[in-house]
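The structure appears below as structure tokens.
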Amino acid sequence: MRILLIYPYASYKTMPPSSWVPLSLPYLAGLLKQAGHEVKIMDRFAAQYKLGGNQALIDKAMLQTITEFKPDLIGINAVSPLVYDLVETAGLIRQIYTGPLLAGGHHVTALPEATLQKIPELDAVITGEGEYSLLRFVEGAKAADIPGLWWRDNGQIRSNPAEPITDLDKLPFPDFSSLDLSYYLNRGLETIRHHYVSTISLLTSRGCVKKCEFCTESLTYGKGVRFHSPEYVVELLGKVYRDYGVEGIYFHDNDFLISRSRVEAICDLMIKRGLQRHLIWAIQARADHIEPEVVRRLKQAGCVLIEMGIESASQQTLDSMHKDSTVEINERAIKICQQEGMKIHAYMLTGVEGETISDLEQRLAWLKKMRVFSFSWSPLQVHPGTRLYQRLRPGVFENMPWSREIVQDYYNNQQLSEIPPAERQAWMERNYMPYIRRRRRLNLIRSNNVERLWDFFEMKINRNSSHREFFEG
Ligand code: B12
Ligand code: SF4
């Protein structure tokens, strides 16, 4: 069978030269290809790098792919802030294609029934991890035998519970060759923060043991964590290094350090194969798993950066979001990393309930006091399916139209903090931006050799002119 998988389009006015490689569709493609099917991925997000921010051109390229590839089945990935793109894409596809049309991903997992009710063009949706369910669908299994499937049956919607994949090592490697990697393999500063390198992202585990109120992870992956073996991980690392010549790896695991013995085994195997001589890497980890010996081992194996979900410098805020951590634990973890010469990236959440200007001041003062290498302030988003959504916005998404304007309005007007938007903007311009700009300049110099710096400045000069052509042409 020929299967076309599609990523949604998100418009980025100032698109970075590169970004994290998405893994969902390459994983689906890996298993389908292993079973003998032909698979293509149309990445509407990355396509804008070549086609500019012009959505009409991206839609045209997608329809042309369908006409030429003649898929027997189409599957679309959906995230909540872009669900209007799923609605529009499904409508466009149905103008030229009559075969099975499915969707999967975080949004679908959160609201499967509403997705089928609001998007009549879809035949079915698959919740949770999609690999085996999609394969069974493709191979013609009975609907009732496909885990996570929600389908239409004589005007009724029927469903089966999703089943997390228990033995992750049975999954073939993600098939990156189905993606157009020309965008993702560029050198960029985002993935391994401030290191101007070409990277690929990998996942060595799925799930999380915590239950932060705002997070969608346990919705898609169920309770607890499942692991790939160290041998699988290092084999995959070697393969992406050989196949794509990347300079770095970004591990997407929610907490890479959750099993210490496994981390040590991965590091030992990497060192045994000499991979630390060719690759630098970054991980995400919970602060309570940071210990000096572990950080030392990571460093020996090439890890240069640990990202932590610090979220806030206020204990009250951490407790209110059920973060199950303390300011003290965060400070201890940062100090250990600094003593061991490991860089830290702190994810901070902003726009939280009851937030005032003095909270912003406290947070910035804390980051300065801790001398955190790098940090980001992301606005809290209330995604459907999370416990935060159940508490603050129950039923809102289910009851609203999923048009571009209304979905964007939902995400743009989530005012939970006490700070009026104009006041926040003025504060950010005055206090945050000058500090982060200074840090970025310093970090760029500290994290790159002369060759990479030269390449970075050359890209800046060339891209500035081509960038204008992209977005104004
Ligand atoms: C890498 C990443 C990115 C990258 C790559 C984006 C891309 N094109 O995929 C970048 C940085 C560009 C990005 C951007 C955005 N992202 Co993002 N991203 C991630 C991240 C960290 C990892 C994704 C990944 O590779 N996961 C690993 C794979 C194996 O898991 P998976 O994606 O869940 O896929 C499995 C199932 O969901 C299912 N499945 C998925 N798709 C499909 C399709 C079909 C047909 C089927 C059957 C099954 C299926 O099967 C897969 C395999 O088991 C996740 C967090 C996370 N841990 O997942 C956030 C996440 C997916 N992103 C999110 C968001 C909101 C965005 C943005 C909208 C950000 C924004 N506000 O502007 C944009 C959208 C861009 C886009 N076009 O998708 C949210 C989605 C939340 C939600 N409820 O919808 C997440 C969950 C983060 C979060 N908790 O907030 N993102
Ligand atoms: S925010 Fe991080 S620690 Fe909290 S539940 Fe989500 S993945 Fe787990």
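The table that follows gives values for the structure above.
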| item | result |
| --- | --- |
| Filtered residue count, region 204-218, keeping only those that are over 16 Å from HIS322 (Cα atoms) and within 11 Å of ligand 1 (Cβ to nearest atom) | 3 |
| Any hit, region 429-450, residues being outside any helix (DSSP H, G or I), touching a helix residue (DSSP H, G or I) at 6+ places or on another chain (Cβ under 8 Å) and outside the structural domain of SER320 (by TED's automatic domain parsing) | yes |
| Residue list for region 165-214, restricted to those being within 16 Å of ligand 2 (Cβ to nearest atom), part of a loop (DSSP other than H, G, I, E, B) and either more than 17 Å from the chain's Cα centre (by Cα) or surrounded by 20 or more Cβ atoms within 10 Å (Cβ to Cβ) (or both) | THR204, VAL209, LYS210, LYS211, CYS212, GLU213 |
| Search result, residues across region 279-303 that are touching a Phe, Trp or Tyr at 6+ places or on another chain (Cβ under 7 Å) and in a strand (DSSP E or B) | TRP281, ALA282, ILE283, GLN284, CYS303 |
| Single condition VAL234 does not satisfy, out of (1) within 16 Å of ligand 1 (Cβ to nearest atom); (2) of a type in the set (A, V, I, L, M); (3) closer than 18 Å to PRO172 by Cα | (1) |
| Lone qualifier among ASP324, ASP288, ASP319 - being among the charged types (D, E, K, R) and at positive phi | ASP324 |
| Count of region 354-376 residues which are surrounded by 15 or more Cβ atoms within 10 Å (Cβ to Cβ) and outside any helix (DSSP H, G or I) | 5 |
| Condition met for LEU318 (out of contact with any His (no Cβ under 7 Å at 6 or more places or on another chain), outside any loop (DSSP other than H, G, I, E, B), without any contact (Cβ under 8 Å) to a residue 12 or more places away in the chain and within 27 Å of GLN415 (Cβ to Cβ)) | yes |
| Yes/no for ILE119 being surrounded by 18 or more Cβ atoms within 10 Å (Cβ to Cβ) and away from ligand 2 (no atom under 16 Å from the Cβ) | yes |
| Every residue from region 377-431 that is surrounded by fewer than 12 Cβ atoms within 10 Å (Cβ to Cβ) and within 11 Å of ligand 1 (Cβ to nearest atom) | SER378, ASN412 |
| Total residues in region 238-270, condition surrounded by 22 or more Cβ atoms within 10 Å (Cβ to Cβ), within 16 Å of ligand 2 (Cβ to nearest atom) and part of a strand (DSSP E or B) | 1 |
| Those residues of region 135-158 which are surrounded by 17 or more Cβ atoms within 10 Å (Cβ to Cβ) and outside any strand (DSSP E or B), in sequence order | LEU135, ARG136, PHE137, VAL138, ILE146, PRO147, GLY148 |
| Among the residues listed as GLY224, GLY207, GLY248, the single one being under 30 Å from MET459 (Cα atoms) and free of Cβ contacts under 8 Å to residues at least 60 places away in the same chain | GLY248 |
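The values are calculated or read from the model by the stated rules, or taken from the named source; none is laboratory data. A quick note: this is a predicted structure, and the numbers were derived from the prediction, not measured. For neighbour counting, all protein chains shown are included, and Cβ atoms are generated from backbone atoms with ideal geometry for every residue, glycine included.
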